[in-house]
């Protein structure tokens with residue numbers, strides 16, 4: 001009743017506006033093209049989004065205008081649904097968070113924020129619209145974290161089984177760049193829905209067999225989220241792919257197109273556009289030992305530094321590092337081992353500590369320096385290139401299993417969000 005009242009109000013408002021134009025100067029009415037729950041998508045919003053997409057696809061062959069319009073309309077519907085979900089979950093992306101993200105984007109491109117704005121505007125992209133798109137991307141990340149990522153658990157047993165299965169495959173370390181086309185189905189499809197989607201999938205396969213470009217066919221026919229980027233899923237390891245895709249690529253060669261692959265979300269077609277192999281993973285490790293003096297109400301920075309200078313002077317004059325560490329270090333875990341931190345890999349220590357280790361020659365004791373834990377002196381005992389392949393691939397397996405589960409869950413989540421929404425397209 002509320003939705004119908006809202007639509008009636010919109011229609012009534014349009015009638016009033018139409019009547020008003022008879023008595024005043026002509027006014028351009030912003031037509032409503034879709035109702036999404038209790039919100040309207042206007043024709044001007046669609047036109048702005050179309051303009052943005054066309055700028056992004058500049059230089060590429062685009063699908064016919066009517067198909068592109070349908071694709072962008074669907075994108076706007078999902079954008080509104082996600083925004084509504086964010087609002088109902090009290091997720092707000094404030095301006096400080098947005099500005100930090102924009103500054104990060106500028107730094108990654110080695111330019112200032114002002115230069116980023118100029119570059120975008122030179123390309124015809126409205127900076128304010130770009131800002132709002134980034135705000136929306138941050139919102140989506142937070143929604144994924146709450147509705148998808150937090151619900152995914154990877155057990156050690158799953159990792160063991162995953163690695164065991166990969167060992168059976170000659171291409172277990174391979175990476176694939178895939179193109180993807182989805183002929184979508186509703187959450188509870190009828191037999192007629194399934195048959196129509198299957199026939200559409202067969203039609204798409206014929207177009208590809210006739211030599212039509214995969215990315216162009218994806219842009220024109222795919223219901224997937226990556227349709228407007230030509231269906232490009234980017235580089236993924238075999239383990240990161242949904243199970244049905246992983247099974248298909250195991251028997252495919254680069255450049256080959258799969259037959260129809262059925263899943264609950266519809267019929268999929270994938271193409272291996274590129275493929276590359278894995279290799280052993282070597283890591284530069286450092287063996288170090290240290291003495292830590294923590295600061296507190298009694299020991300300030302100057303006192304901690306002075307105490308370490310005294311200890312360093314004793315070490316320079318021949319005292320035993322391990323004995324002094326056991327007697328003086330506030331890092332009780334390493335103190336019991338004479339200050340020994342064992343072998344560490346990049347990223348394992350806090351940045352300030354790792355930076356100091358990287359500067360030192362072996363068997364040289366540093367000057368006192370500070371981290372968030374307190375004041376240290378450190379000595380590098382040795383360095384080595386370590387074959388970390390087993391640990392590396394175990395961590396990679398965990399990440400790949402997570403990506404696989406997250407992709408499958410996100411697909412179901414978005415389809416459910418769309419199917420449960422009230423959406424009415426206006427003629």
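The values are calculated or read from the model by the stated rules, or taken from the named source; none is laboratory data. Worth saying up front: this structure is predicted, and the values here are computed from it rather than measured. Methodologically, a virtual Cβ is constructed for each residue, glycine included, from the backbone with ideal geometry; neighbour enumeration extends over all protein chains shown.
Some notes on this structure:
- Scanning segment 361-389 for residues that are without any contact (Cβ under 8 Å) to a residue 60 or more places away in the chain and within 25 Å of residue 316 (Cβ to Cβ) returns 361, 362, 363, 364, 365, 366, 367, 369, 371.
- Search result, residues across segment 99-126 that are over 24 Å from residue 78 (Cβ atoms) and in a loop (DSSP other than H, G, I, E, B): 109, 110, 111, 112, 123, 124
- Failed item, numbered, when residue 354 is tested on (1) under 26 Å from residue 283 (Cα atoms); (2) part of a loop (DSSP other than H, G, I, E, B): (2)
- Test result for residue 269, in contact with a helix residue (DSSP H, G or I) (Cβ under 8 Å, 6 or more places away or on another chain), crowded, with 21+ Cβ neighbours inside 10 Å and either modelled with pLDDT under 90 or within 28 Å of residue 414 (Cβ to Cβ) (or both): yes
- Selection status of residue 406, in contact with a helix residue (DSSP H, G or I) (Cβ under 6 Å, 6 or more places away or on another chain), within 22 Å of residue 233 (Cα to Cα), assigned to a helix (DSSP H, G or I) and outside the structural domain of residue 349 (by TED's automatic domain parsing): no
- Sole exception among (1) surrounded by 14 or more Cβ atoms within 10 Å (Cβ to Cβ); (2) at pLDDT 90 or above for residue 192, by number: (1)
- Residue that is surrounded by fewer than 19 Cβ atoms within 10 Å (Cβ to Cβ) and closer than 21 Å to residue 57 by Cα, where the choices are 212, 199: 212
- Residues that are in a helix (DSSP H, G or I) and modelled with pLDDT of 90 or more do not occur anywhere in segment 373-396.
- For segment 127-166, the tally of residues that are surrounded by 13 or more Cβ atoms within 10 Å (Cβ to Cβ), without any contact (Cβ under 8 Å) to a residue 40 or more places away in the chain and part of a loop (DSSP other than H, G, I, E, B) stands at 0.
- Note on segment 55-67: residues that are surrounded by 15 or more Cβ atoms within 10 Å (Cβ to Cβ) and within 25 Å of the chain's Cα centre (by Cα) total 1.
- Some residue of segment 329-340 being in contact with a helix residue (DSSP H, G or I) (Cβ under 9 Å, 6 or more places away or on another chain), under 25 Å from residue 145 (Cα atoms) and surrounded by fewer than 13 Cβ atoms within 10 Å (Cβ to Cβ): no
- The residue of segment 84-98 that is farthest from the chain's Cα centre (by Cα), among those that are assigned to a loop (DSSP other than H, G, I, E, B) and surrounded by 13 or more Cβ atoms within 10 Å (Cβ to Cβ), is 89.
- Residue identified as within 42 Å of the chain's Cα centre (by Cα) and assigned to a loop (DSSP other than H, G, I, E, B) among 319, 330: 330
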